[in-house]
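Here's the structure we're looking at; comments come further down.
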Amino acid sequence: MGNSKEKYYITTAITYTSGKPHIGNTYEIILADSIARFKRQQGYDVFFQTGTDEHGQKIELKAEEAGVTPKEFVDGVAGEIRRIWDLMNTSYDKFIRTTDAEHEKQVQKIFKKLYDQGDIYKGYYEGLYCTPCEAFFTESQLVDGKCPDCGRPVQPAKEEAYFFRMSKYADRLIRHINEHPEFIQPVSRKNEMMNNFLLPGLQDLCVSRTSFKWGIPVDFDPKHVIYVWLDALTNYITGIGYDCDGGCTEQFKKDWPADLHLIGKDIIRFHTIYWPIFLMALDLPLPKQIFGHPWLLQGDGKMSKSKGNVLYADDLADFFGVDAVRYFVLHEMPFENDGVISWELMVERLNSDLANTLGNLVNRTISMSNKYFDGIVKDAGASEPVDEELKSVILEASKKVADKMDGLRVADAITEIFAIFKRCNKYIDETEPWILAKDEAKKDRLATVLYNLVEGICIGATLLEPFMPAASGKILSQLNAPARTFDDLDTFGTYPSGTKVIEKPEILFARLDLKEVMEKVEAMQAANAAPQEEKPEEPGIDIEPKEEISYDDFMKMQFQVGEIIACEEVPKSKKLLCSQVRIGSQVKQIVSGIKAYYKPEEMVGKKVMVLVNLKPAKLAGVLSEGMILCAEDADGKLAIVAPEKPMPSGAKIS
């Protein structure tokens with residue numbers, strides 16, 4: 001167990017301020033909050049930091065579209081993010097913004113320090129430049145002598161930039177990962193980083209930009225702004241008082257290194273390669289653990305603003321209540337694989353787990369205590385053998401929960417807690433209090449049964465606090481139960497005999513009718529859907545025909561349906577996205593020049609048409625193992641080609 005002297009510093013990734021976060025984004029802060037609350041319950045001195053990532057070209061463009069300054073834009077979005085974090089009852093200790101003056105000052109000092117010690121050097125992007133794509137390529141990356149992304153001509157060019165010597169620290173990082181198996185979790189993320197990035201050899205990283213202005217300027221060369229990841233990642237140290245000149249606060253000295261960086265699996269590379277190397281260059285200890293959690297996906301397809309079906313935490317909370325939303329996203333997310341959320345699943349879980357298993361148990365127990373003993377809960381000492389199995393389940397729970405939480409298996413920890421409530425319900429069926437109540441000679445036995453139930457509920461509700469704080473508080477309040485420490489939870493009989501419970505129990509979770517919920521959801525989605533304007537019929541496009549191919553030539557090409565399960569931007573490229581595409585039982589990595597038309601998060605969940613047997617090639621240094629088919633209009637705009645009707649991943653296209 002922890003103690004008041006042992007610190008625990010936990011962070012979330014800071015949220016990018018490009019728009020309102022959906023439930024998938026919000027899952028991370030709820031997950032981090034449950035871990036932070038659990039550690040506090042165990043007695044740790046917890047510091048829990050979250051915040052917003054507010055610089056970059058995307059923000060600059062969005063602000064321009066909105067007709068406001070970048071700072072006005074991020075102020076509005078950061079406020080909305082903080083509102084949702086607060087709505088979800090998250091107990092963060094600090095909300096940092098990368099536009100905070102102290103953070104910006106330290107980032108500039110860090111950049112200068114790394115430059116002065118030779119880790120950052122000034123150089124050039126040099127190569128063959130595609131103007132429409134704003135990207136450089138090497139001769140070997142070209143396709144038929146033209147841009148591999150858009151097929152247009154390229155010209156020799158070079159652009160000034162600062163670079164970080166990543167290779168200088170690569171071997172040291174590989175050693176650290178090998179010597180600290182707990183450093184990157186789950187293990188599959190570690191293997192991915194080692195095999196795909198570290199072992200093949202790291203290229204130096206561009207750490208400045210000149211093509212936009214919304215960023216922290218390099219103070220000794222102000223036409224450059226600092227690369228957004230060097231800016232964003234350092235929040236984990238600037239937020240607790242790191243000073244590049246050596247004047248670090250007492251908090252920094254106490255809390256660093258972080259015990260846990262909790263992040264989405266899509267940004268694992270930045271946190272397990274770039275960030276540790278930056279820290280090595282600053283001569284700082286590395287974080288103890290980085291956990292790349294899976295994604296929460298929508299059950300009926302990709303969330304889309306045009307369909308009005310994007311799930312937001314505040315909408316879900318309006319339907320189900322904050323604690324029900326917290327329960328769902330925490331309990332339904334596997335440790336390593338993506339989870340699924342849908343309105344139907346939410347209703348099912350609320351009715352079965354929360355209203356029935358938990359809510360009905362509390363209500364019945366309090367009601368029987370009032371009916372048979374005027375609300376007085378007393379241990380009359382009339383035990384029977386059936387009580388021992390109940391007590392065994394209850395008393396083993398805190399250790400099981402702690403073991404699961406130590407492994408960050410939060411869903412499993414909640415399952416262990418609900419095992420208490422399920423066992424209590426079974427105990428009611430076994431002891432049949434309503435039968436005992438008919439026999440005056442069994443009054444002490446009835447009192448003991450109800451006492452055992454109340455004690456079990458108190459222990460379960462206390463364990464539930466990190467995950468469902470409001471519901472936990474309501475349960476304990478209705479039972480007039482005194483607060484307990486975590487160390488008290490392996491002792492049965494702490495509830496003071498003779499305590500009076502509340503006279504009229506409050507319904508914790510009301511059952512919902514699925515049909516009524518779905519009618520309301522459809523009305524809400526219709527109201528939220530982006531209006532679809534009628535467009536006049538557009539003329540077709542004629543393109544220059546290529547030479548004819550034979551049927552045999554066509555049959556050499558293998559086309560299949562693929563499902564995009566992950567997607568991220570390709571470093572050093574302004575046009576490329578790198579997608580992980582599931583095709584049947586295998587996953588292929590495919591690089592596509594579609595960054596101008598799709599955001600990485602928009603790609604996830606899409607079904608696409610893939611040329612599977614294209615010879616692998618490297619684009620901007622990243623291996624591509626196929627091609628995602630796109631249509632192109634007369635202006636060069638691209639749209640992904642997708643099956644008209646739902647088709648399984650791997651389906652043959654012919």
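The values are calculated or read from the model by the stated rules, or taken from the named source; none is laboratory data. For clarity, every value in this text was computed on a predicted model and none was experimentally measured. Cβ: placed from backbone, ideal geometry, glycine included. Neighbour counts: every protein chain shown.
Which residues, counting only those in segment 294-316, are at pLDDT 90 or above and buried (at least 20 other Cβ atoms within 10 Å of the Cβ)?
Let us first name the residues in segment 294-316 that are at pLDDT 90 or above, namely 312-316.
Those that are at pLDDT 90 or above and buried (at least 20 other Cβ atoms within 10 Å of the Cβ): Ala313, Leu316.
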- Task: Kindly indicate whether any position in segment 206-213 is farther than 19 Å from Ala620 by Cβ, at pLDDT 90 or above and touching a Lys or Arg at 6+ places or on another chain (Cβ under 7 Å).
- Result: no
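Among the residues in segment 5-22, are any over 28 Å from Asn528 (Cα atoms) and small (Gly, Ala, Ser)?
Checked against the condition, which is being over 28 Å from Asn528 (Cα atoms) and small (Gly, Ala, Ser), segment 5-22 yields at least one hit.
Taking segment 493-503 as the search range and keeping residues that are in contact (Cβ under 8 Å) with a residue 60 or more places away in the chain and assigned to a loop (DSSP other than H, G, I, E, B), which one is nearest to Leu87 (Cα to Cα)? Don't jump to the end; show me each part of the working.
First, pick out the residues of segment 493-503 that are in contact (Cβ under 8 Å) with a residue 60 or more places away in the chain: 493, 495, 497-503.
Checking the rest, the ones that are also assigned to a loop (DSSP other than H, G, I, E, B) come to 493, 495, 497-498, 501-503.
Numbers: Gly493: 36, Tyr495: 32, Ser497: 37, Gly498: 37, Val501: 30, Ile502: 28, Glu503: 30 Å.
Here the residue is Ile502.
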- Where residues in segment 317-357 are modelled with pLDDT under 90 and part of a loop (DSSP other than H, G, I, E, B), which of them is surrounded by the most Cβ atoms within 10 Å (Cβ to Cβ)? Met333
- From the list Phe467, Phe486, pick out the single residue that is under 27 Å from the mean Cα position of the chain (by Cα), within 18 Å of Arg40 (Cα to Cα) and among the aromatic types (Phe, Trp, Tyr). Phe467
- Message: Return the residues of segment 1-53 that are over 16 Å from the mean Cα position of the chain (by Cα) and basic (Lys, Arg); say none if nothing qualifies.
- Response: Lys5, Lys7, Arg37, Lys39, Arg40
- Message: Contact list please: Cβ distance under 7 Å, first residue in segment 89-103 and within 17 Å of Phe47 (Cβ to Cβ), second residue surrounded by fewer than 14 Cβ atoms within 10 Å (Cβ to Cβ) and at pLDDT 95 or above, pairs at least six apart or on different chains.
- Response: none
- Task: Return yes when Val410 is surrounded by 21 or more Cβ atoms within 10 Å (Cβ to Cβ) and out of contact with any Ser or Thr (no Cβ under 9 Å at 6 or more places or on another chain) and no when it is not.
- Result: no
- What single numbered condition from (1) surrounded by 15 or more Cβ atoms within 10 Å (Cβ to Cβ); (2) within 30 Å of Lys113 (Cα to Cα); (3) among the basic types (Lys, Arg) fails to hold for Arg172? (1)
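Yes/no matrix, rows are residues, columns are (1) among the hydrophobic types (A, V, I, L, M, F, W, C); (2) within 20 Å of Phe492 (Cα to Cα):
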| residue | (1), (2) |
| --- | --- |
| Leu354 | yes, no |
| Tyr372 | no, no |
| Ala397 | yes, yes |
| Asp412 | no, no |
| Phe421 | yes, yes |
- Just give me the residues in segment 614-654 being in contact with a Phe, Trp or Tyr (Cβ under 9 Å, 6 or more places away or on another chain), over 30 Å from Asp204 (Cα atoms), outside any strand (DSSP E or B) and among the hydrophobic types (A, V, I, L, M, F, W, C), in sequence order. Leu629
- Query: If you go through segment 38-81, how many residues are out of contact with any Pro (no Cβ under 9 Å at 6 or more places or on another chain) and not in a helix (DSSP H, G or I)?
  - Reply: 15
- Message: Quick check on segment 493-514: of everything there that is under 26 Å from Arg326 (Cα atoms) and surrounded by 16 or more Cβ atoms within 10 Å (Cβ to Cβ), which residue is farthest from the chain's Cα centre (by Cα)?
- Response: Pro505
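Of all residues in segment 46-61, which are of a type outside the set (A, V, I, L, M, F, W, C) and free of Cβ contacts under 8 Å to residues at least 60 places away in the same chain?
Looking only at segment 46-61, we keep the residues that are of a type outside the set (A, V, I, L, M, F, W, C), and these are 49-58, 60.
Selection gives Thr50, Thr52, Glu54, Lys58.
State the number of residues belonging to segment 63-97 that are of a type outside the set (Lys, Arg), touching a Ser or Thr at 6+ places or on another chain (Cβ under 7 Å) and modelled with pLDDT of 95 or more.
Residues of segment 63-97 that are of a type outside the set (Lys, Arg), as a first pass: 63-70, 72-81, 84-93, 95-96.
From the residues that got through so far, the ones that are touching a Ser or Thr at 6+ places or on another chain (Cβ under 7 Å) too are 63, 74, 77-78, 81, 84-85, 88, 92, 95.
With modelled with pLDDT of 95 or more added as a condition, the list becomes 74, 77-78, 81, 84-85, 88, 92, 95.
Total meeting the criteria: 9.
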- Would you mention how many residues in segment 360-387 are surrounded by 15 or more Cβ atoms within 10 Å (Cβ to Cβ) and of a type in the set (D, E, K, R)? 4
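For Ile263, are the conditions met, namely being in a loop (DSSP other than H, G, I, E, B), under 26 Å from the mean Cα position of the chain (by Cα) and closer than 23 Å to Val74 by Cβ?
It is false that Ile263 is in a loop (DSSP other than H, G, I, E, B), under 26 Å from the mean Cα position of the chain (by Cα) and closer than 23 Å to Val74 by Cβ.
Given the criteria within 30 Å of Ala441 (Cβ to Cβ) and part of a helix (DSSP H, G or I), does Thr365 qualify?
Working: within 30 Å of Ala441 (Cβ to Cβ): yes; part of a helix (DSSP H, G or I): yes.
Yes; evaluated as a whole, the condition is true for this residue.
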- Whichever residue in segment 564-600 is farther than 28 Å from Ser208 by Cβ and among the aliphatic types (A, V, I, L, M) and, among such residues, is modelled with the highest pLDDT: Ile590
- Message: Would you confirm, using the coordinates I've provided, whether Gln155 is among the polar types (S, T, N, Q), touching a residue at least 12 places away in the same chain (Cβ under 8 Å) and either under 22 Å from Val622 (Cα atoms) or surrounded by fewer than 20 Cβ atoms within 10 Å (Cβ to Cβ) (or both)?
- Response: yes
- Message: Can you pull out every residue in segment 233-254 that is assigned to a helix (DSSP H, G or I) and surrounded by fewer than 22 Cβ atoms within 10 Å (Cβ to Cβ)?
- Response: Glu250, Gln251, Phe252, Lys253, Lys254
- Identify, by number, the condition in (1) assigned to a helix (DSSP H, G or I); (2) in contact with a His (Cβ under 8 Å, 6 or more places away or on another chain); (3) more than 15 Å from Ile110 (Cα to Cα) that Phe197 doesn't meet. (2)
- Message: Can you say whether Phe95 is buried (at least 22 other Cβ atoms within 10 Å of the Cβ) and among the aromatic types (Phe, Trp, Tyr), as far as the supplied structure shows?
- Response: no
- In the set Ser585, Ser654, Ser573, which member is among the small types (Gly, Ala, Ser) and either touching an Asp or Glu at 6+ places or on another chain (Cβ under 6 Å) or crowded, with 16+ Cβ neighbours inside 10 Å (or both)? Ser573
